Amino acid sequence: MILSFYFKLWRRKSKCSYRFLVCKTYRIVSKAPLDILWQRLINIADVSWHPLFSSTNLPRGLIAKPGLFYKVVTAVIPIPIKMFVENVRPQELLSLRVLAIPGMEQRITYQVESTLCGTYISYSVTLKGWLSPVMWWWIRPYCDRVAIELVHAVENK
């Protein structure tokens with residue numbers, strides 16, 4: 001009797017469309033002003049501070065605008081992946097979608113907020129699809145360092 005209850009509960013959960021969903025948010029505070037952090041963030045051609053990306057196919061100084069498609073070469077395995085700028089709210093939010101592998105959807109969101117304590121940077125990664133657990137296992141060590149590397153790049157400049 002008890003075993004059948006657990007089996008039904010497991011079957012019900014397995015029919016969920018978000019069965020393979022990984023979502024993680026990192027938040028860090030910086031002493032740098034909001035304007036300088038935002039300028040470094042939306043200059044998407046400069047990925048020298050990013051631990052996962054090594055280069056882009058964009059000219060230097062190009063800022064993020066919604067609807068922009070571009071290619072990024074990863075630092076782990078030198079393969080180009082397509083990126084799409086979904087949403088930009090000036091000095092507030094930058095949302096990107098990674099179009100790399102069929103069977104997986106990845107969204108990256110940067111949020112910047114100025115307070116009396118300093119400037120908060122939130123870096124969120126959301127992976128959906130059946131390949132997301134494997135991909136998360138592979139990119140997690142790099143995702144842990146993204147917000148920290150951004151703060152170090154801005155403060156040490």
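Here are the numbers for the structure shown:
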item: Neighbours by Cβ (under 8 Å, 6+ apart or cross-chain): first from the stretch 118-133, closer than 13 Å to Arg107 by Cβ; second of a type in the set (Gly, Ala, Ser) and crowded, with 18+ Cβ neighbours inside 10 Å; result: Tyr123/Ala147
item: Any pair with Cβ under 6 angstrom, 6 or more apart, that starts in the stretch 60-81 at a residue that is farther than 25 Å from Pro141 by Cβ and ends at one that is assigned to a loop (DSSP other than H, G, I, E, B) and among the hydrophobic types (A, V, I, L, M, F, W, C); result: Arg60/Ala45; Leu62/Ala45; Ala64/Ile44
item: Whichever residue in the stretch 1-19 is in a loop (DSSP other than H, G, I, E, B) and not hydrophobic (A, V, I, L, M, F, W, C) and, among such residues, is modelled with the lowest pLDDT; result: Lys15
item: Close pairs from the stretch 82-107: first more than 11 Å from Ala64 (Cα to Cα), partner in a loop (DSSP other than H, G, I, E, B) and of a type outside the set (A, V, I, L, M), Cβ under 6 Å, at least 6 apart; result: Gly103/Gly129; Gly103/Trp130; Met104/Gly129; Glu105/Gly129
item: Residue within the stretch 44-54 that is loosely packed, with under 15 Cβ neighbours inside 10 Å and over 15 Å from Val146 (Cα atoms) present; result: no
item: Sole residue being out of contact with any strand residue (DSSP E or B) (no Cβ under 9 Å at 6 or more places or on another chain), of a type in the set (D, E, K, R), under 20 Å from Asp46 (Cα atoms) and outside any helix (DSSP H, G or I), chosen from Lys157, Lys82; result: Lys157
item: Elements of type strands (runs of 3 or more DSSP E) contained in the stretch 86-143, each with 1 or more residues being of a type in the set (D, E, K, R), out of contact with any helix residue (DSSP H, G or I) (no Cβ under 9 Å at 6 or more places or on another chain) and more than 22 Å from Ile63 (Cβ to Cβ); result: 119-128
item: Qualifying residues in the stretch 22-59 (those that are under 20 Å from Pro141 (Cβ atoms) and of a type in the set (A, V, I, L, M)) - the one modelled with the highest pLDDT; result: Ile28
item: Long-range neighbours under 7 Å by Cβ, at least six apart or interchain, first residue touching a residue at least 40 places away in the same chain (Cβ under 8 Å) within the stretch 142-157, second surrounded by 16 or more Cβ atoms within 10 Å (Cβ to Cβ) and among the aromatic types (Phe, Trp, Tyr); result: Val146/Tyr123; Ala147/Tyr123; Glu149/Trp49; Leu150/Trp49; Ala153/Trp49
item: So Arg145, is it surrounded by fewer than 18 Cβ atoms within 10 Å (Cβ to Cβ), in contact with a Lys or Arg (Cβ under 9 Å, 6 or more places away or on another chain) and basic (Lys, Arg); result: no
item: Odd one out for Tyr26 among (1) within 20 Å of Val154 (Cα to Cα); (2) more than 14 Å from the chain's Cα centre (by Cα); result: (2)
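For (1) under 22 Å from Phe20 (Cβ atoms); (2) modelled with pLDDT of 90 or more; (3) surrounded by 15 or more Cβ atoms within 10 Å (Cβ to Cβ), each residue gets a yes or a no:
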{"site": "Lys71", "(1), (2), (3)": "no, yes, no"}
{"site": "Thr74", "(1), (2), (3)": "yes, no, yes"}
{"site": "Pro90", "(1), (2), (3)": "no, yes, no"}
{"site": "Glu105", "(1), (2), (3)": "yes, no, yes"}
{"site": "Val112", "(1), (2), (3)": "no, yes, yes"}
{"site": "Tyr120", "(1), (2), (3)": "no, yes, yes"}
{"site": "Lys128", "(1), (2), (3)": "yes, yes, yes"}
{"site": "Trp138", "(1), (2), (3)": "yes, no, no"}
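The values are calculated or read from the model by the stated rules, or taken from the named source; none is laboratory data. Everything numeric here is computed off the predicted structure, so don't read it as measured data. Counting neighbours? That spans all protein chains shown, and the Cβs are built from the backbone with ideal geometry, glycine included.
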